[in-house]
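Shown next, in structure tokens, is the structure this report addresses.
The values are calculated or read from the model by the stated rules, or taken from the named source; none is laboratory data. It should be emphasised that the depicted structure is a prediction, and the values quoted were computed from it without experimental measurement. Note that each Cβ is placed from the backbone with ideal geometry, even for glycine, and that neighbours are counted across all protein chains shown. Ligands, DNA and RNA are excluded from the accessible area calculation, which covers all protein heavy atoms including side chains. Shrake-Rupley method; radii C 1.70, N 1.55, O 1.52, S 1.80 Å.
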Amino acid sequence: VTVNICVIPARGGSKRIPKKNIKEFNGKPIIAYSIEAALKSNCFDKLIVSTDDDEIIEVAKKYGAKVPFIRPAELSNDFVGTIPVIKHAIEWMEDNDNPIENVCCLYATAPFIQSQTISEAFQQLKYLRADYCFSVTKFAFPIQRAVKIVQDNKMNMFYPRHLNTRSQDLEEAYHDAGQFYWGKAQAFKDELPLFSEMSTPYILPRYLVQDIDTLEDWIRAEAMYRVLQEANVFS
């Protein structure tokens, strides 16, 4: 039996934005957007939130997620990466008689996520037999023209050879959009790297991508969300 689970990592104790994972975003806790999109996608046998925080547990359950375990303290600090947290969730589920085949790690602060995106990315993962499928988007500006600030507030180009290259002749570059990571359960358990030839990118338009690390990001994201909502971008 194929079992697919969604894991939403959502620890407490965020510093730059207090209670970030359950802070109200345009009228409801931000984690609710991820939970609702995951449920609507119909891709999952189980949707779980991995957290160490009682308040997050309460909100997660209210919106329909399960919280079958408390995330251990050693996986709840500022320095733990995403993959060990997902690996822990998979192994906990398997230790409790839930054989897992595929997993989607969905971030709690991804209010632009759409259920159709989750579903299409899963089909792409299966069709291409990749280890992972995750969201990316184009850089808005050619990375080959990037500059760095050096000594005495002067600057240098990272790639001086492209000083006079036409923009249309430069190769497009993409970055992780930070919304979700579909993957084979075994790939997460083996802690295989996300950025490799065994991963396939699900390309998102830039207007659906907004990192939310600071209060400034938060205000911008809320405003963007309202504009997209008025334009009927969200299904």
Exercise. Sort segment 34-102 into rounded, prolate or oblate with this rule: let a ≥ b ≥ c be the square roots of the eigenvalues of the Cα gyration tensor; rounded if a/c is under 1.5, and if a/c is not under 1.5, prolate when a/b is larger than b/c, oblate otherwise.
Key: oblate
Self-check item: Positive-end extreme of charge dipole, segment 1-153 - chosen from Asn96, Ala10, Pro142 (charges on Cβ)
Solution: Pro142
Self-check item: Relative contact order for segment 114-235, counting Cα pairs under 8 Å that sit 6 or more residues apart, in percent
Solution: 34 percent
Practice problem: Could you compute the FRET efficiency for Glu191 and Glu216, with r as their C-beta to C-beta distance and R0 at 30 Å, rounded to 0.05? | Solution: 0.35
Self-check item: Equivalent ellipsoid semi-axes - Cα gyration tensor, segment 1-52, angstrom
Solution: 24, 14, 5
Practice problem: Work out the length of the dipole vector of segment 174-235 about its Cα centre, built from +1 on the beta-carbon of each Lys and Arg and -1 on the beta-carbon of each Asp and Glu, and round it to the nearest 20 debye. | Solution: 240 debye
Exercise. Can you give me the P(r) profile for segment 110-227? Cα pairs, bins 5 angstrom wide beginning at 0, each as a whole percent.
Key: 2, 10, 15, 15, 15, 15, 14, 9, 3, 1, 0
Quiz item: How much of the accessible area of the chain, in percent, comes from carbon and sulfur atoms when a 1.4 Å probe is used?
Solution: 50 percent
Quiz prompt | Inter-label distance for Glu172 and Asn96, nm, one decimal - labels placed 7 Å from Cα along Cα-to-Cβ | solution = 4.2 nm
Quiz item: Are there chymotrypsin sites (Phe, Trp or Tyr not before Pro) in segment 4-111 that DSSP puts in a loop and that have at most 11 other Cβ atoms within 10 Å, and which ones?
Solution: Phe79
Practice problem: Just name one of Ser167, Val227, Ala60: the one whose Cα is farthest towards the positive end of the charge dipole of the chain (beta-carbon charges, Lys/Arg +1, Asp/Glu -1). | Solution: Ser167
Quiz item: Most mobile of Pro142, Pro99, Pro160 per a Gaussian network model of the chain (Cα springs, under 10 Å)?
Solution: Pro160
Quiz prompt | Net length gained if the chain between Asn164 and Ile70 were fully extended (0.36 nm per residue, minus Cα distance) | solution = 28.3 nm
Quiz prompt | Approximate shape of segment 1-129 as ellipsoid semi-axes (Cα gyration tensor, √5λ), whole Å, largest first | solution = 22, 18, 13
Quiz prompt | Theoretical ellipticity at 222 nm over the chain - DSSP helices of four or more residues, -39500 (n - 2.57) apiece, nearest 500 | solution = -9000 deg cm²/dmol
Quiz item: Which entries of Lys20/Lys40; Lys66/Lys189; Lys19/Lys126; Lys23/Lys154; Lys19/Lys154; Lys20/Lys87 show an alpha-carbon separation above 29 angstrom in the structure shown?
Solution: Lys19/Lys126; Lys23/Lys154; Lys19/Lys154
Practice problem: Return the long-range amide H neighbours of Tyr202 (sequence gap of 5 or more, or a different chain), with a cut-off of under 5 Å between placed amide H atoms. | Solution: Phe134, Ser135, Val136
Quiz item: Between Glu58 and Ile143, what length comes free when the chain is fully extended (0.36 nm per residue of separation minus the Cα-Cα distance, one decimal in nm)?
Solution: 26.3 nm
Quiz item: So how tilted is helix 215-230 from the main axis of the chain? Cα-based, degrees 0 to 90, rounded to 10.
Solution: 80 degrees
Quiz prompt | Within a Gaussian network of the chain (alpha carbon springs, distance under 10 Å), most fluctuating of Asn42, Asn21, Asn164 | solution = Asn164
Exercise. For the chain, list log₁₀ I(q)/I(0) at each q in 0.09, 0.10, 0.14 Å⁻¹, using the Debye formula over Cα point scatterers of equal strength and ignoring solvent, two decimals each.
Key: -0.42, -0.51, -0.95
Quiz item: If you stretched the chain out fully between Val80 and Asn26, how much longer would it get, using 0.36 nm times the residue separation minus the C-alpha to C-alpha distance?
Solution: 16.5 nm
Quiz item: Quick one: putting +1 on the C-beta of Lys and Arg, -1 on the C-beta of Asp and Glu, what dipole do you get for the chain around its Cα centre, in Debye to the nearest 20?
Solution: 640 debye
